[in-house]
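Quick note: the coordinates plus some simple rules give every number you see, no bench work behind them. Computed from a prediction, not measured in an experiment: that's the story for all the values here. Virtual Cβ from ideal backbone geometry, glycine too; neighbours counted across all protein chains shown.
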Amino acid sequence: MNNIVSVNIATIFADSKKKRGVEKYAEIIKSFSLVNVTTDKDFQRKFNGFYRVRRNSEWQNVFYDIMENGKTEDLTFEGVLQQIYNKTGRVEASFSSKLIHTLNQNMPIWDQFVLQNLNLKMPICSGEKKLQNAICIYSEIIQWYEQALSTFEINQKILEFDEVFPQYSWFSQTKKLDFLLWQMRD
């Protein structure tokens, strides 16, 4: 957590590419509830570009169908992970977390930089064992975010984020912390 506290947010996001990432995220979240994600190719293009979705159209059809259904169903990380696995044969922890986050911005995102910054690793395994490991690791990510967001230091960094991006003060605390973690990579 000390690494996050030492980050200068204004300096990091002075980079126009990093600033554009924040803008792209806002576009995705704002348009999500307004479109049918199973058919809106513009939404899919933006989501795929932002989150680097490099899967075939069959996989994407499954993914966006689950996402659209999530607008009316109470989905969990575990449920999304299991559905994607059942329909594609793939354990997609990172993409499952991104789908859940899109439905509920208070849920953290799993990506390689978050794992790296939290000193977590996904053990090498497959099938049901990999599913169970992913569920346990995501639970650790949630716990870490809850603990971090309860600290004065992290809340000060979130206030700094709001000063740099007042137009995005509506982002969840979780997403603001995620942006900080994402920028702290080798």
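Assorted remarks:
- Links that overshoot a 23 Å alpha carbon limit, given the list LYS41/LYS98; LYS130/LYS176; LYS41/LYS176; LYS41/LYS87; LYS18/LYS71; LYS41/LYS121: LYS130/LYS176; LYS41/LYS176; LYS18/LYS71; LYS41/LYS121
- Applying a DSSP loop filter and a limit of 13 other Cβ atoms within 10 Å to the trypsin sites (Lys or Arg not before Pro) in region 116-166 leaves LYS121.
- Assigned charges on the beta-carbon of Lys, Arg, Asp, Glu; the chain dipole about Cα centre (debye): 640
- Counting other Cβ atoms within 10 Å as a rough exposure proxy, the listed residues ASP74, ASP15, ASP111, ASP65 run ASP74, ASP15, ASP65, ASP111 from fewest neighbours to most.
- Positive minus negative residues near PHE179 (Lys, Arg vs Asp, Glu; Cβ under 11 Å): +4
- Added length on full extension, which subtracts the Cα-Cα distance from 0.36 nm per residue, GLU128 to ASN86: 14.1 nm
- Projecting the Cα atoms of PHE152, PHE179, GLY89 onto the charge dipole of the chain, computed from C-beta unit charges around the Cα centre, puts GLY89 farthest toward the positive end.
- Relative contact order (percent, whole number), region 39-154, Cα cutoff 8 Å, 6+ residue spacing: 18
- Mean-position separation - Cα centroids, region 11-50 and region 64-143, in angstrom: 20
- For the chain, the gyration tensor built on C-alpha atoms gives an oblate shape. Its axis ratio a/c (a ≥ b ≥ c) is at least 1.5, and a/b is not larger than b/c.
- The residues packed around ILE29, meaning those with a beta-carbon under 12 Å from its beta-carbon, carry a net charge of +3 if Lys and Arg are +1 and Asp and Glu are -1.
- Counted by neighbouring Cβ atoms within 10 Å, the residues SER96, SER33 run from fewest to most as SER33, SER96.
- Fully extending the segment from ALA10 to GLN173, taken as 0.36 nm per residue of separation minus the present Cα-Cα distance, adds 56.9 nm.
- Cβ-to-Cβ counts within 10 Å put LEU181, LEU99, LEU131, LEU34 in ascending order as LEU34, LEU131, LEU181, LEU99, the fewest first.
- Each Lys and Arg contributes +1 and each Asp and Glu -1, all at the Cβ; summed about the Cα centre of region 43-86, the dipole is approximately 420 debye.
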